[in-house]
Amino acid sequence: ATEMGAVVINASWGGGGFSQSLKDAIEACGCVFAAAAGNSGRDNDSRNFYPSSYDSANLISVGATDHNDDAAYFSNFGFSSVDIGAPGVNILSTLPGNSYGSLQGTSMATPHVAGVAGLLSADAPSLTPVQVKERLLLGADPVPALNGRWVTGGRLNAFESLLNPELGLPRSSSGTISDSSRNSLAVRR
């Protein structure tokens, strides 16, 4: 993907232990790496789930929400290790045999985040992967039921991420979100 110039990678998979090679590849890709947080209903702050648990600046760990804006019962969580939620229950998807069906999982939520990252990158090609991540996280809709479950305490909002680039936050001279704004949200990466 790096050799082909990928701007966003959707990693709707996980499992296995830490791999320095994979972490290095994620960091070297020069892209946004959206990773599924896992479907065991466990705390990723206490027990890592790779690749979403790598602390790479360009990685976005994605949990799943349901139609009520609650965390999906199966979604892994982590106040400092899962960044954002996105719809992941009853998602229409392709199935083997040239058909469609309703699926659930953080692997269904992650493509939503990857898609918005792609839209942001296309809309503003000068944004770095870290800046795209910042825009996504700061554009999230705060959801009371999600507060404390992941970094943003919110669910993906494409409109806010795309059409409100300032998000009411002061920018540094380089155009990135200022340190004081970033710290106020407690973005971990």
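Checking each residue in region 104-132 for being touching a Phe, Trp or Tyr at 6+ places or on another chain (Cβ under 9 Å) and outside any helix (DSSP H, G or I) picks out Gln104, Gly105.
Test Gly85 against the stated conditions and say whether it is within 13 Å of the chain's Cα centre (by Cα) and crowded, with 17+ Cβ neighbours inside 10 Å. Judged against the criteria, Gly85 is a match. When the test is whether a residue is more than 12 Å from the chain's Cα centre (by Cα), on the phi < 0 side of the Ramachandran plot, loosely packed, with under 13 Cβ neighbours inside 10 Å and not β-branched (Val, Ile, Thr), Gly17 passes it.
Matching residues to (1) part of a strand (DSSP E or B); (2) open to solvent by 80 Å² or more (accessible area, probe 1.4 Å); (3) closer than 21 Å to Val130 by Cβ:
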{"position": "Glu3", "(1), (2), (3)": "no, yes, no"}
{"position": "Trp13", "(1), (2), (3)": "no, yes, no"}
{"position": "Lys23", "(1), (2), (3)": "no, no, yes"}
{"position": "Glu27", "(1), (2), (3)": "no, yes, yes"}
{"position": "Ala34", "(1), (2), (3)": "yes, no, yes"}
{"position": "Gly38", "(1), (2), (3)": "no, no, no"}
{"position": "Ser46", "(1), (2), (3)": "no, yes, no"}
{"position": "Ser52", "(1), (2), (3)": "no, no, yes"}
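When the residues of region 161-181 are filtered to those that are assigned to a helix (DSSP H, G or I) and open to solvent by 50 Å² or more (accessible area, probe 1.4 Å), the one that is modelled with the highest pLDDT is Leu163.
For region 130-140, the set of residues classified as in contact (Cβ under 8 Å) with a residue 60 or more places away in the chain and in contact with a helix residue (DSSP H, G or I) (Cβ under 8 Å, 6 or more places away or on another chain) consists of Val132, Lys133, Leu136, Leu137, listed by residue number.
Table: residues versus (1) buried (at least 22 other Cβ atoms within 10 Å of the Cβ); (2) of a type in the set (Ser, Thr, Tyr); (3) in contact with a Lys or Arg (Cβ under 9 Å, 6 or more places away or on another chain).
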site	(1), (2), (3)
Ile91	no, no, no
Thr106	yes, yes, no
Ser126	no, yes, no
Asp141	no, no, yes
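Contact annotation: residue pairs with Cβ atoms under 7 Å, 6 or more positions apart or on different chains, pairing a residue in region 65-79 that is of a type in the set (A, V, I, L, M) with a partner that is in a strand (DSSP E or B) and surrounded by fewer than 24 Cβ atoms within 10 Å (Cβ to Cβ), are Ala71/Phe77. The residues of region 133-160 that are part of a helix (DSSP H, G or I) and within 15 Å of Ser61 (Cβ to Cβ), listed by number, are Lys133, Glu134, Leu136, Leu137, Leu146.
The single condition among (1) more than 17 Å from Ala37 (Cα to Cα); (2) part of a strand (DSSP E or B); (3) touching a residue at least 24 places away in the same chain (Cβ under 8 Å) that Val62 does not satisfy is (1).
Return yes when Ser75 is of a type outside the set (Lys, Arg), out of contact with any His (no Cβ under 8 Å at 6 or more places or on another chain) and buried (at least 24 other Cβ atoms within 10 Å of the Cβ) and no when it is not. When the stated conditions are applied, Ser75 passes them.
The values are calculated or read from the model by the stated rules, or taken from the named source; none is laboratory data. Please read these numbers as outputs of a predicted model, since none were measured by experiment. Glycine gets a Cβ as well: all are built from the backbone with ideal geometry, and neighbour counts include every protein chain shown. When the accessible area is computed, the model is the full protein with side chains, heavy atoms only, and any ligands, DNA or RNA have been set aside. Shrake-Rupley method; radii C 1.70, N 1.55, O 1.52, S 1.80 Å.
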